[in-house]
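The values are calculated or read from the model by the stated rules, or taken from the named source; none is laboratory data. Fair warning: this is a prediction, and the values are worked out from it, not measured in the lab. SASA here: full protein model, heavy atoms, side chains in, ligands and nucleic acids out. Shrake-Rupley method; radii C 1.70, N 1.55, O 1.52, S 1.80 Å.
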Amino acid sequence: TPMAATPQNIAHGLAYLSTLDGEGGTMMSAGIEQAPAPPVPEGSVRLVTFLTDGYIGNEQEILSLIKPRLNGARLYAFGVGAGVNRYLMDEMGRAGRGFTRYMDPTEPVAEVAEELTDRLQSPVLTDVNIRFSVESQKTEDGQAVNGIYPKDVFDLFAGEQLVLVGRYKKPGTAKVVVTGKVGSEQQSFDF
């Protein structure tokens with residue numbers, strides 16, 4: 001179960017990690033099945049970060065496990081080194097409604113860890129939804145826009161952009177409505 005980040009619990013977790021010996025293959029499927037499973041306390045969001053320094057295969061098996069098991073969690077992929085399966089890591093971040101970060105072996109570890117921690121703690125807008133709402137733009141099928149990519153919109157973090165590509169079916173002026181949570185409050189922004 002989730003535990004508070006008290007100095008005692010952090011020390012306990014670090015002591016446990018120091019007993020582990022990471023050898024052999026990466027068991028990513030087991031982690032994807034286990035990490036989002038425990039219940040999340042009310043009003044919280046689970047952040048799951050997968051870290052790897054290796055080239056992991058079986059991409060389709062791993063990716064097929066993510067969405068059905070997210071249980072409201074956000075999944076972030078963190079690759080260290082030059083031999084990481086970037087396709088898999090990028091798709092994991094997308095499927096998990098999170099992001100992917102790579103660390104070059106020449107980067108200072110402490111700075112990268114602090115940057116990652118700061119980024120995870122600073123969501124600007126979560127549970128983002130985009131609507132294109134101008135009646136004059138709608139066509140017979142009731143839609144004003146097609147070909148929108150990406151289909152799943154990720155949480156927006158400080159210093160990031162929200163970029164969508166799509167095509168209006170008719171020329172003219174239209175309004176885009178972006179909704180999401182700022183903290184725990186629902187907000188709406190018109191563009």
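Quick look at the numbers
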{"quantity": "Surface per residue (accessible, 1.4 Å probe) for the chain, Å²", "calculated": "65 Å²"}
{"quantity": "Residue among 94, 167, 46 with the largest mean-square fluctuation in a Gaussian network model of the chain, springs linking Cα atoms under 10 Å", "calculated": "167"}
{"quantity": "Segment 78-129: C-alpha gyration tensor shape, a/c 1.5 cut-off, then a/b vs b/c", "calculated": "oblate"}
{"quantity": "Residue-averaged [θ]222 nm for the chain, counting only DSSP H segments that reach four residues, each worth -39500 (n - 2.57)", "calculated": "-8000 deg cm²/dmol"}
{"quantity": "Evaluated at q = 0.21 Å⁻¹: base-10 log I(q)/I(0), Debye formula over Cα of segment 58-178", "calculated": "-1.21"}
{"quantity": "Cα gyration tensor, segment 1-112 - rounded (a/c under 1.5), prolate or oblate", "calculated": "oblate"}
{"quantity": "Accessible surface ranking that places the most exposed of 125, 120 first, with a 1.4 angstrom probe", "calculated": "120, 125"}
{"quantity": "Carbon and sulfur %, accessible surface of segment 1-130 computed with the full protein complex present, 1.4 Å", "calculated": "56 percent"}
